[in-house]
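The values are calculated or read from the model by the stated rules, or taken from the named source; none is laboratory data. Note that the coordinates shown come from a computational prediction; the quantities given were computed from them, not determined experimentally. When we count neighbours, we look across all protein chains shown, and the Cβ atoms used for this are built from the backbone with ideal geometry, even at glycine.
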Amino acid sequence: MPTHLNRREFTVAVGGATLASAFPNAAAATLGDGNEFSFLVLGDTHFDRIEHHDLEWMKQHFTKDLSQVENYCRITQDALPQLLAAAKQQLSNSQPATAFALHVGDLVEGICGNRELAVRHCAEAWDFFKDANLGVPLLMTKGNHDITGPGATEAYAEVLLQKTAAELGRKSLDRTSYSFRHGHILFAVFDAYDRSAIDWLEELVATTEFRQLFVLMHLPVIPYNARAKWRVYDNENLADKQQRLVDLLGQYHAIVLCGHLHKYSVLVRLCRTGKFLQLALSSVAKDSRSARLISGADKYGPELTDSEPAFSRDSLAARKSLLAAEQPFIEYFEYVDNSGFAVISVNGTEIYANIYDSAKPEQPMRSLSLSKLLG
């Protein structure tokens, strides 16, 4: 794993316990100084309650989402408490001890209808997660549902972003991308909907010392299923930003944690600068079914669109082309349509991930050495 030396003045205490930097929201905050710790990863929980929506407004503007809202309200009541309880149980047994929980975005369903409801929506969602008593700070990145609907962007900034700042021990966060360190590990929380986030990330890694880089974002960088165009910077006008991001992640052998597609996947992507690993998951409960694990780099390609033949037929050719273009660069690939959570453990330079299926959370569905996959 590469160690990157900064290019600005900073001070590091013995053992890397504290770091001071002149760069706002860089690595000034540390959540711990140990190099052996675990952390929880959740994603796409879509917390919801029917009283958080102006239903008349939704009937006029988001008619197609009414059934989705009703479904997420049911899941929030019936399934999400059990998933968080299972996660808490695994955290109590994890070795090394758990330091924090990361959420890859879409913590809430959104689409409330007005700012007052959106603020209530976010506040009650945060309380719901804290009432689960996971016993560790909860940190999150911004998902599209977290900012969907009138007043949602303001509610995110006022409630979810500032709650996250408090978890970091900060008075506030002045942007939606931020970072923190734990020991020699740098965590960059990347706003996938901010076009300037790549500028922020490039400056962050240039001004911070670290041994391993984790990047938390909502959208995947590399497509991995039928909805191949649902990825960060997927716009021909943003191709330069997409390439800069891929190059940076490869240069630092980064581990990307993401969601959005409501599917589990791990892939290793080769780049002209190196390689990086992408781990995607979803915590929104699905109906019980037998999900088949697809494994092997040879399973990655245009045929992934066959899993959702009815999805956006007009874009099928473009999605197949995108997957075909990525195919030669995929060194490792696995994928399954399920929901759950992950517990990632750092032991010095070794990084392991236990992936839990919400249907059977007593034992890991998959146990992977991420550091080995990265070589």
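Numbers at a glance
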{"item": "Inter-residue pairs, beta-carbon under 7 Å, first more than 17 Å from ALA239 (Cβ to Cβ) and in the stretch 319-341, second assigned to a loop (DSSP other than H, G, I, E, B) and among the β-branched types (Val, Ile, Thr), 6+ apart", "result": "SER339/VAL284"}
{"item": "Any hit, the stretch 283-302, residues being within 17 Å of the chain's Cα centre (by Cα) and within 14 Å of ILE222 (Cβ to Cβ)", "result": "no"}
{"item": "Out of ASN25, ASN6, sole residue that is crowded, with 17+ Cβ neighbours inside 10 Å, under 22 Å from the mean Cα position of the chain (by Cα) and modelled with pLDDT under 50", "result": "ASN25"}
{"item": "Test: residue in the stretch 266-286 that is surrounded by 14 or more Cβ atoms within 10 Å (Cβ to Cβ), on the phi > 0 side of the Ramachandran plot and not charged (D, E, K, R)", "result": "yes"}
{"item": "Qualifying residue in the stretch 206-221 (condition: assigned to a helix (DSSP H, G or I), over 29 Å from LYS360 (Cα atoms) and touching a residue at least 40 places away in the same chain (Cβ under 8 Å))", "result": "yes"}
{"item": "Residue in the stretch 134-144 that is surrounded by fewer than 19 Cβ atoms within 10 Å (Cβ to Cβ) and touching a helix residue (DSSP H, G or I) at 6+ places or on another chain (Cβ under 6 Å) present", "result": "yes"}
{"item": "Whichever residue in the stretch 303-315 is assigned to a helix (DSSP H, G or I) and under 26 Å from the mean Cα position of the chain (by Cα) and, among such residues, is nearest to TYR335 (Cα to Cα)", "result": "LEU304"}
